[in-house]
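Here is the structure we will look at.
Laboratory data are not the source of any read-out in this text; all were calculated from the coordinates shown. All of these numbers come straight from a predicted model, not from anything done at the bench. In this analysis, Cβ positions are derived from the backbone assuming ideal geometry, glycine residues included, and neighbour counts consider all displayed protein chains.
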Amino acid sequence: MQKSILISIVVVVLTTIDSCKKENQATTNVCPATVTDIDGNVYNTLKIGNQCWMQQNLKTTHYRDGSEITEIEDSSSWANAQTQAWCYYNGDAASNTSYGKLYNWYAVTDPSQLCPAGWHVPSDTEWHTLALTLDSTATWFNGVESAFAGGEMKAITLWLPQNTDATNSSGFTALPAGDRYNNGGFPALGSYSGFWSSTQVISTSSAWSRGLNYWSGSLYRGSDEDVLGHSVRCVGD
């Protein structure tokens with residue numbers, strides 16, 4: 001009888017411990033409602049699968065340690081930059097409200113950390129995890145990663161017509177922030193949005209990125225030169 005009681009007590013204790021672990025795991029896997037960068041910009045967040053994502057593009061002009069990121073307006077200086085830089089699309093500060101800033105890849109990978117504490121620039125693998133969450137058939141190939149995920153990620157406003165397949169069912173709310181080319185020019189506002197990953201393409205001066213456009217519901221995976229300007233979305237650690 002005493003042995004039976006002891007076994008029952010052990011089972012109850014172990015079950016309680018396991019329940020507490022699961023509860024703590026669930027608690028730590030909850031996204032905060034908002035996150036604030038060092039400049040005081042506030043971003044909404046959302047959970048997609050097991051990942052927490054910012055719902056807006058990054059706007060900061062400082063790294064999390066307070067050091068300043070260099071603004072480069074001049075096209076020639078941008079094209080020849082070999083260090084971190086950011087810019088407004090076409091030099092227009094008003095674009096920051098909706099679209100955030102464009103950063104080169106040197107800014108993305110600076111050890112001072114571009115995203116707020118508890119967040120980071122997603123790796124190529126983390127972008128692929130997002131794609132798989134939205135489309136289980138997503139592939140790793142350079143080109144179309146998913147024929148469906150892009151539509152689920154695109155906002156239904158600000159894109160050029162017809163904004164093909166846009167539903168924003170994921171809540172990611174991608175907006176057509178455009179790019180900055182390696183010659184310093186600005187294409188594609190309204191028609192395209194590119195996002196950096198933190199993963200460099202091996203033995204090149206390029207890094208993996210993700211792209212969306214208005215004429216397709218696809219999510220694209222590409223390799224872009226480090227000097228290009230793309231948007232940044234942070235993901236939770």
Got a sec to turn the phi values of segment 132-147 into Karplus ³J(HN,Hα) couplings, 6.51 cos²θ - 1.76 cosθ + 1.60 with θ = phi - 60°, whole Hz, x for Gly and Pro? 5, 4, 8, 8, 5, 9, 4, 10, 8, 4, 6, x, 6, 7, 8, 7
Along the chain, longest interval not containing exposed chymotrypsin sites (Phe, Trp or Tyr not before Pro), exposed being DSSP loop plus at most 13 other Cβ atoms within 10 Å: 1-139
Helix-only CD estimate at 222 nm, as mean residue ellipticity for the chain, using -39500 (n - 2.57) per DSSP H run (n ≥ 4): -7000 deg cm²/dmol
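If you place +1 on the Cβ of every Lys and Arg and -1 on the Cβ of every Asp and Glu, how big does the dipole about the Cα centre of segment 34-236 come out, in debye to the nearest 20?
On the way: 9 positive and 19 negative charges, 91 e Å.
Around 440 debye, computed over segment 34-236.
Compute the signed sum of charges (Lys and Arg +1, Asp and Glu -1) over the other residues within less than 14 Å, Cβ to Cβ, of A93. All intermediate terms of the calculation are to be shown ahead of the outcome.
On the way: positive: K59, K101; negative: D39, E71, E73, D92.
Value of the local net charge: -2.
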Tabulate in residue order the Karplus-calculated ³J(HN,Hα) for segment 175-186, using 6.51 cos²θ - 1.76 cosθ + 1.60 with θ = phi - 60°, rounded to whole Hz; enter x for Gly and Pro. 10, x, 6, x, 9, 10, 5, 6, 9, x, x, 10
Short version: ³J(HN,Hα) in whole Hz for each residue of segment 188-197, in order, from phi by Karplus 6.51 cos²θ - 1.76 cosθ + 1.60 (θ = phi - 60°), x for Gly and Pro, what are they? 6, 4, x, 10, 8, 9, x, 10, 6, 9
Based on the alpha-carbon gyration tensor of segment 94-169 and its eigenvalue square roots a ≥ b ≥ c, which shape applies: rounded if a/c is under 1.5, prolate if not and a/b is larger than b/c, or oblate? oblate
For Q162 and T137, what does the FRET efficiency come to when R0 = 22 Å and r is the distance between their Cβ atoms, rounded to the nearest 0.05? 0.40
Treating the angle as unsigned and between 0 and 90°, give the value, to the nearest 10°, between the Cα long axis of helix 2-28 and the longest Cα principal axis of the chain. 10 degrees
Computed from these coordinates, which is Kirkwood radius over Cα pairs in Å: (1) 18.9; (2) 17.9; (3) 19.8? (1)
What residues from segment 114-146 fall in the zone where the backbone N is under 13 Å from a label point 7 Å along the Cα-to-C-beta line of D237? 114-121
